[in-house]
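Below: the structure, in structure tokens.
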Amino acid sequence: MNKKYLPSALILYLNYFIHGVGCSILGQAVIKEALAAAWGVEAMAITAISAALGLGRLIALPFAGPLSDKLGRRISTAIGSASYAIYLIGLALAFNAGTHGGYTIAYVCAIIGGIANSFLDTGIYPAVSEIIYKAPGVATMGIKFFIAIAQMLLPFVLGVAVTSTAAGFTSYNPLFYGCGIAYIVLFVLVFLFPLPDADQKASGTKEGLIDSLKHTHFSFESIAMILIGFTCTGTFQLWLNCAQNFAKENVGWADPSIMQTYYSAGTMLALIVTAFLTRKIKDVRFIVVYPAICLVTMIAVLMGQSKPLMIAGAFIIGWAGAGGLLQIATSVCNMLFPKIKGTVTALVMIASSLCNYTILTAASKMQPSGVMTMNIVLTAVGVALGLFVNIRYKKMVELAQQDN
């Protein structure tokens with residue numbers, strides 16, 4: 001890695017540190033209850049707001065990826081930072097609106113947040129891979145590491161950020177405002193430091209998007225890789241957004257918020273261990289092993305329904321479900337299509353976003369036990385796709401070599 005890009009890498013990763021809060025806050029049971037009380041809706045209805053994040057990503061990803069390849073990683077990242085600031089500050093304003101359209105405002109802001117996520121993904125994933133070019137898998141897992149740190153700290157931050165309004169409602173607006181302001185700062189910083197693709201563009205070494213697409217071959221194997229973006233996202237998003245509700249209603253755990261810390265600890269440990277393992281084991285192998293571990297874990301949680309199982313499940317799903325699996329899938333796709341990394345990242349994230357929107361929307365209308373069952377089925381499909389990709393991996397590499 002060129003040392004001149006080190007500050008740039010830190011700024012890019014910090015975007016995902018704040019994102020770790022932004023993508024998790026609506027999954028916290030205490031925040032769901034606070035928002036539901038302010039807006040006069042059921043707590044599970046807040047899951048539909050989380051689903052709107054997926055809708056926003058779906059709206060933006062078809063053009064966010066190509067724009068990243070055409071205009072550069074800096075512009076994509078800046079758009080993402082600015083949009084995320086609108087989303088987070090907008091949630092605070094939506095809370096203040098209460099029953100006078102607060103839920104609707106939050107839904108619209110969540111769509112903007114999803115758009116922000118699209119531009120961050122298509123800008124930062126390729127950028128860190130280009131900065132840490134000797135270990136792109138580790139570079140993309142670093143994104144998840146920063147997310148996990150934020151998610152691990154979130155339950156402790158909630159106790160500091162909580163306030164009460166004059167009307168007697170519990171509010172977490174200081175957290176929303178603080179994260180929004182942090183994104184405004186990152187928006188400014190991203191323009192102050194160099195990025196590899198900007199240097200290449202200045203040297204006239206970058207190939208155009210259309211020319212790259214002409215030489216690109218999408219096989220059944222690579223399509224399966226992209227679909228894994230759907231299944232692996234479902235595994236950790238359903239757990240992240242609904243497992244605490246399952247613990248409260250089915251296990252009888254009054255305050256399961258500490259599950260977030262175990263989940264994040266599992267994620268962080270997995271990222272460190274997996275980063276070392278990828279030096280000796282092909283990235284693609286994790287795409288089948290980790291979902292299989294998640295599948296067994298969720299079956300045990302659904303059948304056992306106990307507090308120790310929920311804690312163990314949170315740690316294991318954090319490890320095997322959220323411990324860099326989506327990032328590994330993205331890294332493998334970028335390896336297969338190095339000339340259009342932004343576009344291919346967008347394709348994987350479109351699959352991921354489609355899952356966010358459809359699966360979380362469905363979950364918002366289901367009982368927690370039904371959500372757990374749905375997650376088991378979805379994860380089983382992911383295991384099947386992972387097996388297919390591993391069996392056909394050699395063929396995928398051969399096609400990639402022909403394209404490049």
In nanometres, what is the gap between the two model label sites at TYR177 and ILE258, each 7 Å from Cα along Cα-to-Cβ?
-> 3.2 nm
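Peptides 345-358, 323-336: what's the order by average Cβ count within 10 Å, highest mean first? Write down the numbers at each step before the final one.
Working: 345-358: 24.7, 323-336: 26.3.
Highest to lowest by the protection proxy: 323-336, 345-358.
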In whole percent, the fraction of accessible protein surface over region 211-403 that belongs to carbon or sulfur atoms, probe radius 1.4 Å, stands at 68 percent
By how many nm would the segment from LEU153 to ILE281 grow when fully extended, if each residue of separation counts as 0.36 nm and the alpha-carbon distance is taken off?
-> 43.0 nm
For region 23-37, Karplus-derived ³J(HN,Hα) couplings (6.51, -1.76, 1.60; θ = phi - 60°; whole Hz; x for glycine and proline) come out as 8, 10, 4, 6, x, 7, 4, 5, 6, 4, 5, 5, 5, 4, 5
State, to one decimal in nm, how far the label point of ASN96 lies from the label point of PHE220, with both points 7 Å from Cα in the Cβ direction.
-> 5.7 nm
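Would you mind checking LYS341/LYS365; LYS282/LYS395; LYS4/LYS282; LYS70/LYS282; LYS134/LYS282 for any pair whose Cα atoms are more than 26 angstrom apart? Working shown, then result.
Numbers: LYS341/LYS365 36 Å; LYS282/LYS395 15 Å; LYS4/LYS282 30 Å; LYS70/LYS282 31 Å; LYS134/LYS282 15 Å.
As for pairs spanning more than 26 Å Cα to Cα, those are LYS341/LYS365; LYS4/LYS282; LYS70/LYS282.
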Nearest 20 debye, what's the magnitude of the dipole of the chain about its Cα centre given +1 on Lys and Arg Cβ and -1 on Asp and Glu Cβ?
-> 760 debye
Would you please classify the overall shape of the chain from the alpha carbon gyration tensor, given that a ≥ b ≥ c denote the square roots of the eigenvalues, rounded means a/c under 1.5, and beyond that prolate means a/b larger than b/c while oblate covers the rest?
-> oblate
Binned at 10 Å starting from 0, the alpha-carbon pair-distance distribution of region 10-192 in whole percents comes out as 10, 38, 34, 14, 3, 0
Which one of ILE124, ILE111, ILE31 has the biggest mean-square fluctuation once the chain is modelled by GNM with Cα springs under 10 Å?
-> ILE31
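Over region 211-403, with the other protein chains present, what is the accessible area per residue in square angstrom, probe 1.4 angstrom? Don't skip to the answer; put the middle values down first.
Numbers: 7430 Å² over 193 residues.
Accessible area per residue: 39 Å².
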Cα-projected label distance for LEU6 with TYR107, points at 7 Å along beta-carbon direction, nm | 4.9 nm
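Suppose the chain between THR163 and ILE184 were pulled fully straight at 0.36 nm per residue; how much longer would it get relative to their current alpha carbon spacing?
Working: separation 21, 0.36 × 21 = 7.56 nm, distance 2.35 nm.
Roughly 5.2 nm would be gained on extension.
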For VAL162, solvent-accessible area (1.4 Å; no DNA, RNA or ligand), Å² | 60 Å²
Only helical DSSP H runs with n ≥ 4 go in: add -39500 (n - 2.57) per run for the chain, normalise by residue count and round the 222 nm mean residue ellipticity to 500 deg cm²/dmol.
-> -26500 deg cm²/dmol
Which whole-number percent gives the relative contact order of region 10-192, counting Cα pairs below 8 Å spaced six or more residues apart?
-> 34 percent
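Please compute one quarter of the surface area of the Cα convex hull for region 211-403 and express it in square nanometres. Write out the running numbers ahead of the final one.
On the way: hull surface 42.4 nm².
Computed as one quarter of the Cα hull surface, the answer is 10.6 nm².
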At R0 = 35 Å, FRET efficiency that the Cβ-Cβ distance of GLN305 and LYS134 yields, to 0.05 = 0.15
Carbon-plus-sulfur fraction of the accessible area of region 10-192, 1.4 Å probe, in percent?
-> 75 percent
Over the chain, calculate the relative contact order: mean separation of alpha carbon pairs under 8 Å at least 6 apart, over the residue count, as a percent.
-> 27 percent
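The values are calculated or read from the model by the stated rules, or taken from the named source; none is laboratory data. Owing to the predicted nature of the structure, the values given are computational and were not obtained by experimental measurement. No Cβ is skipped: glycine too gets one built from the backbone with ideal geometry, and neighbour counts run over all protein chains shown. These area figures cover heavy atoms from the full protein model, side chains too; ligands, DNA and RNA do not enter into them. Shrake-Rupley method; radii C 1.70, N 1.55, O 1.52, S 1.80 Å.
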